[in-house]
Amino acid sequence: MIEELEKIPNSFVMRDGLDFKFYASGSWKKSSSGKTIVIKNPYNDKIVGAVQACTIEEADKVITMANESIECWEEKTQRERADILMKAANLIKEWANPLGYIMMKEIGKPIKSAVSEIIRTSELFEATAEAGLQQEGEAIYGDAFKGFSKDKMSITYRVPLGVILCIGPFNYPFNLTGSKIAPALMAGNTVVVKPPSQGAISPLFFGLILEKAGVPPGVFNIITGKGSEIGDYLAQHPLVDMVAFTGSSETGKHLASVVGMKPLLLELGGKDAAIVLNDANLELTADAIVSGAFSYSGQRCTAVKRVLPMPGIADKLIELVKKKTLNLSIGDPEENATIGPLISSKQCDFVQGLIDDALRKGGTLLCGNKREGNIIWPTLIDNVTIEMRIAWEEPFGPILPFIRVNSAEEAIDISNKSEYGLQGMIFTENIDLAFNIAQELEVGTVQINGKSERGPDHFPFLGTKSSGLGTQGIKYSIEAMSRPKGIVLNLSEKGKLIKECKYD
Ligand code: G3P
C-alpha cells in the first residue's frame with residue numbers, strides 16, 4: 001500500500017516526512033507560525049504526519065485571494081466547470097487506495113470503508129457535474145396578480161454566492177469535504193476549506209487533485225490550523241459569503257451565533273431512533289440495527305442511536321441484536337475490524353460516562369462496557385429509561401440503548417422529545433402504519449425497513465432542530481450554494497410597437 005502512495009507526486013510533502021503544507025493560490029506553503037499540528041493514529045498513537053498551524057494573517061490572505069479569483073471561475077462555462085469536476089472524479093478514483101490508506105491511519109476508519117468513502121466521493125463529483133449541467137432558470141409572467149399583465153416578466157437564473165468556507169468533520173474527512181467542494185465549484189463559487197485537525201491530511205489532497213483537474217490558482221484553497229485559533233476568524237470574515245459546516249451541534253450553534261447575515265449549511269448531530277413494531281421482519285431489522293449502530297464504531301451522525309421495540313418482539317429482537325453484535329470484529333482498522341478506535345481518549349471518556357450513568361440508574365448491560373486504549377467494545381444496554389443520559393445524548397461511539405415502549409404513540413413521543421431531528425426508522429410489514437408514523441416524526445428523513453443513512457448522495461439530506469440547517473444532496477447543495485438572480489422585463493406599448501414595425 002505504501003508503494004501506491006509513492007505514485008502521488010510529493011511536491012507538497014515536506015522533506016522531513018509526512019509534514020504537509022497548506023494549499024493557497026495554487027501553491028503549497030509553510031505557515032509563518034513555524035508551528036504544526038501533529039496527527040496521531042487513534043489506534044496506536046503513532047505519528048501519521050503533521051499539518052500547518054496557520055495564522056489569522058494567512059487565513060485573511062487565503063480568503064482575499066479566493067475573493068479575487070471569483071471572476072476567473074465565474075467566467076468559465078458550465079461545461080468547462082463540469083469537465084474539470086469529471087477529471088477530478090477520475091483522479092479521486094485512481095488514488096482511492098492510497099488516499100483511503102492515509103485516511104485509515106489518521107482517523108482509524110476500517111480500510112475498506114475508508115477506500116469506499118473515496119470512491120463514493122468520486123461518484124459524487126461526477127453526479128454533481130451532471131446535475132450542474134441540468135440547472136435551469138425560469139420566466140414568470142406578472143399576470144397572476146391583479147393589476148399586472150403579461151407585459152411584466154421576471155426572468156431568473158442562478159448565480160454563485162462568492163467565497164464558500166467549507167468545514168468538514170473528522171468522521172468523513174474526504175467525503176464530507178468533497179460534498180461541499182463539488183457543488184460549490186459547480187455553482188461557480190470559489191472555495192476555502194478548513195479541515196478538522198484530526199482528519200486534515202486526506203482532504204489536503206483535494207489541492208493536488210483539483211489543480212491537476214484544471215482548477216485555476218486561487219479558486220480552490222485549503223488552510224489548516226486549530227479551529228479555536230482560526231475557525232471564528234474564517235467564518236466571520238467579511239469576504240466569506242457562505243459557511244458550509246459538518247460537525248457537532250455545539251459547534252454548529254456557535255457558528256450560527258457568530259457569522260451574522262451569511263447563509264449557512266449545517267449538518268450536525270443526531271439521535272436517530274429505530275421504532276420496531278410487532279410485525280417487523282426481525283432478521284432484517286437486527287441486521288440493519290447492528291450495521292447502523294456500529295459501522296465506524298458508531299461515529300456517524302446518522303448512526304442508529306436508540307431502539308424503541310414494542311413488547312411483542314422486544315426480547316426476540318434484543319437477543320438477535322446481541323448475537324450479531326457479539327460477532328463484530330474488534331481491533332485494527334488496517335485489518336478491517338468493524339469496531340476500532342474512537343477518535344480520541346476524551347471521546348472514550350465521554351462514552352464511558354454515558355455507559356456508567358445508564359448502569360448506575362438501572363440499565364441492564366447485555367454486552368460490552370470494556371475499554372482498551374481508544375477502543376470501546378460494542379455496548380448494548382437494555383431497560384433504558386428516559387431518566388438516563390443515553391436516552392437523549394449523542395454518544396458518537398459504539399453504544400446502543402433499548403428503550404422498551406408499549407405503543408406507537410409512546411415511540412413517537414420519545415422520538416420527538418429529542419433535541420435532534422436527523423432521521424428516524426420504522427420497521428414493520430404494515431406500510432400504511434409505517435407511513436402514518438413517518439408523518440408524525442419530527443426529523444429530516446424517515447427510513448422504512450432500513451437503517452438511517454445519508455446516501456445515496458442525490459437524496460435530500462437534512463435535519464430539523466439541533467440536527468442542522470439547510471438541505472444537502474447533489475442538486476440541493478448546488479441550489480444552497482447559489483442564489484436566484486431576477487431580471488424583470490417591463491414591456492410597454494407591445495401592440496403599438498408591433499403595428500409600427502413596418503419596412504415598406
Ligand atoms: O456523520 C455524518 C453523516 O453524514 C453520515 O453519513 O453516509 O454514514 O449516513 P452516512
Residue-level accessible surface for Glu387, protein heavy atoms, 1.4 Å, Å²: 130
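Restricting to DSSP loop positions (anything but H, G, I, E, B) with no more than 13 other Cβ atoms inside 10 Å of their own Cβ, which GluC sites (Glu not before Pro) remain in segment 391-438? Kindly include the intermediate steps, with their values, before the conclusion.
Numbers: sites: Glu393, Glu409, Glu410, Glu419, Glu429; in loops: Glu393, Glu419, Glu429.
Passing sites in segment 391-438 are Glu419, Glu429.
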Determine the calculated [θ] at 222 nm for the chain from helices alone, applying -39500 (n - 2.57) to every DSSP H run no shorter than 4 residues and normalising by the residue count; nearest 500 deg cm²/dmol. -11500 deg cm²/dmol
Contact order normalised by residue count of segment 273-448, Cα under 8 Å, 6+ apart, percent: 27
Distance from the Cα centre of segment 373-436 to that of segment 296-357, in angstrom? 13
Within segment 273-448, what percent of beta bridges assigned by DSSP are antiparallel, to the nearest 5? 25
Which sequence of Ile313, Ile140 reflects their accessible areas, 1.4 Å probe, from the largest down? Ile140, Ile313
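Using a 1.4 angstrom probe on the protein heavy atoms only, line up Lys417, Lys146, Lys271 by accessible area, largest first.
If we order Lys417, Lys146, Lys271 from most to least accessible, we get Lys146, Lys417, Lys271.
Note down the net charge around Pro456, summing +1 for each Lys or Arg and -1 for each Asp or Glu among other residues with Cβ under 12 Å from its Cβ. Don't skip to the answer; put the middle values down first.
Working: positive: Arg120, Arg454; negative: Glu123, Glu453, Asp457.
After counting each charged neighbour, the total is -1.
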How large, in percent, is the carbon and sulfur part of the accessible surface of segment 273-448 at a probe radius of 1.4 Å? 47
For the pair Asp143 and Ile119, what calculated FRET efficiency results from E = 1/(1 + (r/R0)^6), where r is the Cβ-Cβ distance and R0 = 35 Å, to the nearest 0.05? 0.10
The size of the Cβ-based charge dipole (Lys, Arg +1; Asp, Glu -1) of the chain about the Cα centre, to the nearest 20 debye, is 640
For segment 295-444, the charge dipole (Cβ of Lys, Arg +1; Cβ of Asp, Glu -1; about the Cα centre) points to a positive end, and the Cα of Ala303, Ile318, Leu359 closest to that extreme belongs to Leu359
By how many nm would the segment from Glu410 to Asn490 grow when fully extended, if each residue of separation counts as 0.36 nm and the alpha-carbon distance is taken off? 23.1 nm
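Where both residues lie in the chain, what percent of DSSP beta bridges are antiparallel, nearest 5?
Details: 34 of 69 bridges.
Of the beta bridges lying entirely in the chain, close to 50 percent run antiparallel.
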So, in Å, what gap is there between the alpha-carbon centers of segment 174-237 and segment 444-504? 25
Accessible surface of Lys494 in the full protein assembly, 1.4 angstrom probe, to the nearest 10 Å²? 100
In the chain, taking the dipole from +1 charges on Lys and Arg beta carbons and -1 charges on Asp and Glu beta carbons about the Cα centre, the listed residue (Ile107, Pro169, Leu234) farthest towards the positive end is Leu234
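Hey, what did the chain get for relative contact order, percent, Cα under 8 Å, at least 6 apart? The partial results should precede the final answer.
On the way: 1144 pairs, mean separation 84.0, N = 504.
Averaging sequence separation for qualifying contacts and normalising by length gives 17 percent for the chain.
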Using a Förster distance of 25 Å, how high is the FRET efficiency between Ser329 and Val38, based on the Cβ-Cβ distance and rounded to 0.05? 0.30
How big is the accessible area of Arg371 in square angstrom, nearest 10, if you roll a 1.4 angstrom probe over the protein chains? 90
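Sorting Glu500, Glu80, Glu136, Glu394 by accessible area (1.4 Å probe), largest first, what list results? Can you show the working numbers first?
Values: Glu500 110, Glu80 85, Glu136 155, Glu394 30 Å².
Listed by decreasing accessible area, they come as Glu136, Glu500, Glu80, Glu394.
Working out 0.36 nm times the residue gap between Thr77 and Ser345, then minus their Cα-Cα distance, what length gain in nm do you get to one decimal? Numbers along the way, then the final one.
Numbers: separation 268, 0.36 × 268 = 96.48 nm, distance 4.81 nm.
Extra length from Thr77 to Ser345 when fully extended: 91.7 nm.
Multiplying the sequence separation of Gln135 and Asp151 by 0.36 nm and subtracting their Cα-Cα distance, what value in nm do you get?
Result for the pair: 3.1 nm of gain on full extension.
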Residues of the chain: accessible area per residue with a 1.4 Å probe, Å²: 43
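The values are calculated or read from the model by the stated rules, or taken from the named source; none is laboratory data. Nothing here was measured: the structure is a model prediction, and the numbers come from that model. Don't worry about glycine lacking a Cβ; one is built from the backbone with ideal geometry, like all the others, and counts go over all protein chains shown. Quick note on the areas: whole protein, heavy atoms, side chains included, nothing else; ligands and nucleic acids left out. Shrake-Rupley method; radii C 1.70, N 1.55, O 1.52, S 1.80 Å.
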